[in-house]
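See structure below.
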Amino acid sequence: MAEDAILGYLATHEEIPDSGQFASQHGLQHNDVVNVIKSLHGFRYIDAQDIKRESWVLTDEGKKYAAEGSPEVQLFLAIPPEGSISKDELQKKLDPSVFKIGCSQAGKNKWVDMGKQVSRKVQHVEDKVKDLLIRIQDGQAIGKDDINSLKARKLIVAQTWKGYSVRKGPNYAPKRKKVATDLTRENLQRGDWKELEFKEYNFNAKGPPAEAGHLHPLLKVKQQLKNIFLQMGFEEMPTNNFVESSFWNFDALFQPQQHPARDSHDTFFMEAPSTTRELPEDYVELVKRVHESGGYGSRGYMYDWKREEANKNLLRTHTTAVSTRMLYALAKQPFTPKRYFSIDRVFRNESVDRTHLAEFHQIEGLVCDWGLTLGDLIGVLNDFFSRLGMSKLRFKPAYNPYTEPSMEIFSYHEGLKKWVEIGNSGMFRPEMLLPMGFPEDVRVIAWGLSLERPTMILYGVDNIRDLFGHKVDLSLIKRNPICRLGIN
Ligand code: PHE
């Protein structure tokens with residue numbers, strides 16, 4: 001309708017000077033006219049110029065008075081023409097806001113006598129406010145003073161009106177031709193392609209954004225760490241077994257069976273299969289002995305070691321279980337020094353909060369060589385962490401059942417201006433290494449840290465649940481930068 005009106009009008013007129021007036025003259029909605037103008041302009045049937053005008057529109061309150069009359073007139077009409085009415089009585093007859101505003105405006109206009117009794121002072125009043133509001137509603141112009149007083153009473157607000165002036169365009173026709181967008185098989189069969197007009201290609205149109213794969217921040221930081229380990233000559237350990245036996249996760253690490261970490265409050269035990277099928281029997285015997293009565297210069301833990309406890313399957317609680325298997329395999333061969341690393345998932349029965357999840361990733365590195373010392377460990381840690389951009393490290397004595405000495409690793413965080421704990425480390429105990437069959441003067445230094453911690457610092461994520469798990473906002477992954485420099 002609007003389209004026919006516009007194209008038809010331009011057939012006999014040079015210009016539509018104002019789309020707003022055009023719409024009201026033709027009984028059309030301005031919105032519809034604007035949409036048609038945009039579309040006809042796109043196909044160059046018409047040329048359109050923007051018009052902007054400051055105009056006034058009624059507020060909700062203004063609309064109400066335009067329909068029902070101003071409060072002062074409503075109040076005036078509620079007073080009997082002769083005699084008077086008590087103020088209480090009058091108040092009951094009117095809406096509270098109409099009464100309040102009506103009293104003050106009618107008083108200002110000197111229309112009424114206000115006391116305990118209220119009476120009219122004049123015989124007749126005109127609702128100028130209502131008339132002005134209606135004129136504004138109809139798009140008519142009103143005087144400056146009137147505008148100011150309505151504005152002061154918050155009955156009108158300024159609005160920018162947008163419309164167009166329109167002329168014929170280069171492709172003008174009184175009726176829009178339907179252009180074909182595709183050449184179909186039917187067109188070819190019928191032969192009507194000869195008459196059809198085809199829509200021109202728009203080579204400037206932007207295609208839909210190409211979808212591509214995105215890497216999760218954890219994967220990127222993991223790759224960064226992997227590169228560091230590889231540069232330092234470390235080999236990656238096979239970590240593709242989330243399910244582990246208690247034996248490899250704890251017993252082989254000289255972690256006693258009563259240790260609280262071996263409780264179901266801390267560790268997820270498997271229901272099915274609940275136990276492991278096989279363990280290296282000779283080695284199990286040696287591990288049992290070192291727990292029960294020690295050896296290699298140790299007194300052991302002096303308790304009754306139970307095979308059933310070692311057989312229990314669990315979700316590995318640390319990647320040190322993998323390191324243990326690797327060391328066991330290494331010890332079976334004539335000794336050669338090795339550097340191993342792993343980065344993979346571990347599981348702990350933790351209550352989930354801003355910084356803890358029941359599953360996370362551990363980064364672990366270990367070096368085995370003849371005669372290593374704590375100094376070597378500190379040196380390797382300084383090298384490793386400075387490659388991550390953390391060159392100020394401090395160490396604090398700690399305890400792990402499988403390392404002695406053990407050290408927590410702290411790094412000075414330049415942003416937070418404080419020391420933050422970033423990992424744990426130590427030298428594996430003889431009670432762990434000697435039953436495996438390592439020569440006595442082979443030492444193993446090792447350290448572990450979470451992958452989530454540096455990633456959160458790097459990507460400015462302060463709640464781990466925003467980084468990993470079902471609550472992650474996928475756009476975080478799509479938005480994150482391809483690479484970063486430094487890690488702290
Ligand atoms: N396994 C330890 C942990 O879970 C980390 C660690 C690895 C500590 C190697 C010392 C040596 O935190």
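The values are calculated or read from the model by the stated rules, or taken from the named source; none is laboratory data. The shown structure was predicted, so the numbers you read here are calculated from the model rather than taken from an experiment. Every residue, glycine as well, gets a Cβ built from its backbone with ideal geometry; the counts of neighbours run over all protein chains shown.
Confirm whether residue 378 is of a type in the set (Val, Ile, Thr) and within 16 Å of the ligand (Cβ to nearest atom).
So residue 378 fits the description; yes.
Would you pick out the residues in the range 184-211 that are closer than 20 Å to residue 45 by Cα and surrounded by 10 or more Cβ atoms within 10 Å (Cβ to Cβ)?
Listed by number, the residues that qualify are 196, 198, 199.
Picking from 279, 327, which residue would you name as being touching a Leu at 6+ places or on another chain (Cβ under 8 Å) and hydrophobic (A, V, I, L, M, F, W, C)?
327
For the range 253-278, give me each residue that is closer than 19 Å to residue 302 by Cβ and touching a residue at least 60 places away in the same chain (Cβ under 8 Å).
Selection gives 253, 254, 255, 256, 259.
Would you check if there is a residue in the range 284-303 being hydrophobic (A, V, I, L, M, F, W, C) and free of Cβ contacts under 8 Å to residues at least 40 places away in the same chain?
yes
Identify all residues within the range 419-450 that are modelled with pLDDT under 95 and either in contact with a His (Cβ under 8 Å, 6 or more places away or on another chain) or not assigned by the TED database to the domain that holds residue 225 (or both); write none if there are none.
419, 420, 450
Looking only at the range 239-279, which residues are charged (D, E, K, R) and over 12 Å from residue 309 (Cβ atoms)?
Step one: filter the range 239-279 for residues charged (D, E, K, R), giving 244, 251, 262-263, 266, 271, 277-278.
Within the range 239-279, 244, 266, 271, 277, 278 qualify.
Suppose we filter the range 273-295 for residues that are at pLDDT 95 or above and within 45 Å of the chain's Cα centre (by Cα); how many remain?
Residues in the range 273-295 being at pLDDT 95 or above and within 45 Å of the chain's Cα centre (by Cα): 4 in total.
Within the range 142-157, can you find the residues that are outside any helix (DSSP H, G or I) and loosely packed, with under 11 Cβ neighbours inside 10 Å?
Step one: filter the range 142-157 for residues outside any helix (DSSP H, G or I), giving 142-143, 153-157.
Answer for the range 142-157, where residues must be outside any helix (DSSP H, G or I) and loosely packed, with under 11 Cβ neighbours inside 10 Å: just 143.
Given the residues 238, 174, which is the only one that is touching a residue at least 60 places away in the same chain (Cβ under 8 Å) and assigned by the TED database to the domain that holds residue 319?
Step by step, each of 238, 174 is checked, and only 238 is touching a residue at least 60 places away in the same chain (Cβ under 8 Å) and assigned by the TED database to the domain that holds residue 319.
May I ask you to list the residues in the range 420-455 that are hydroxyl-bearing (Ser, Thr, Tyr) and under 16 Å from residue 402 (Cα atoms)? Can you show your working first?
Kept after step one, since they are hydroxyl-bearing (Ser, Thr, Tyr), are these residues of the range 420-455: 425, 450, 455.
Result: 425, single match.
If we scan the range 13-31, do we find a residue that is surrounded by 12 or more Cβ atoms within 10 Å (Cβ to Cβ), in a loop (DSSP other than H, G, I, E, B) and touching a Gly at 6+ places or on another chain (Cβ under 9 Å)?
yes
Restricted to the range 390-421, and to residues that are in contact (Cβ under 8 Å) with a residue 40 or more places away in the chain and surrounded by 15 or more Cβ atoms within 10 Å (Cβ to Cβ), which residue is nearest to the ligand (Cβ to nearest atom)? Please lay out each step first, then the result.
Keep residues of the range 390-421 that are in contact (Cβ under 8 Å) with a residue 40 or more places away in the chain, which gives 390, 401-403, 409, 411, 413-415.
Of the ones still in play, those that are also surrounded by 15 or more Cβ atoms within 10 Å (Cβ to Cβ) are 390, 401-403, 409, 411, 413.
Values: 390: 17, 401: 10, 402: 7, 403: 5, 409: 10, 411: 16, 413: 20 Å.
Per the criteria, the residue is 403.
Looking at 111, 161, which is the one that is closer than 30 Å to residue 23 by Cα and of a type in the set (Phe, Trp, Tyr)? Quick ask: steps written out before the conclusion?
Working: 111 fails: closer than 30 Å to residue 23 by Cα.
It is 161.
If I ask for residues that are away from the ligand (no atom under 11 Å from the Cβ), part of a strand (DSSP E or B) and free of Cβ contacts under 8 Å to residues at least 60 places away in the same chain, which ones from the range 422-453 would you list?
The one that is away from the ligand (no atom under 11 Å from the Cβ), part of a strand (DSSP E or B) and free of Cβ contacts under 8 Å to residues at least 60 places away in the same chain: 422.
Those residues that are in contact with a Ser or Thr (Cβ under 7 Å, 6 or more places away or on another chain), within 13 Å of the ligand (Cβ to nearest atom) and not small (Gly, Ala, Ser), I need them from the range 314-362; list them, please.
317, 319, 322, 340, 344, 346, 347, 348, 360, 361, 362
Within the group 327, 366, 315, which residue is surrounded by fewer than 22 Cβ atoms within 10 Å (Cβ to Cβ) and aliphatic (A, V, I, L, M)?
Step by step, each of 327, 366, 315 is checked, and only 315 is surrounded by fewer than 22 Cβ atoms within 10 Å (Cβ to Cβ) and aliphatic (A, V, I, L, M).
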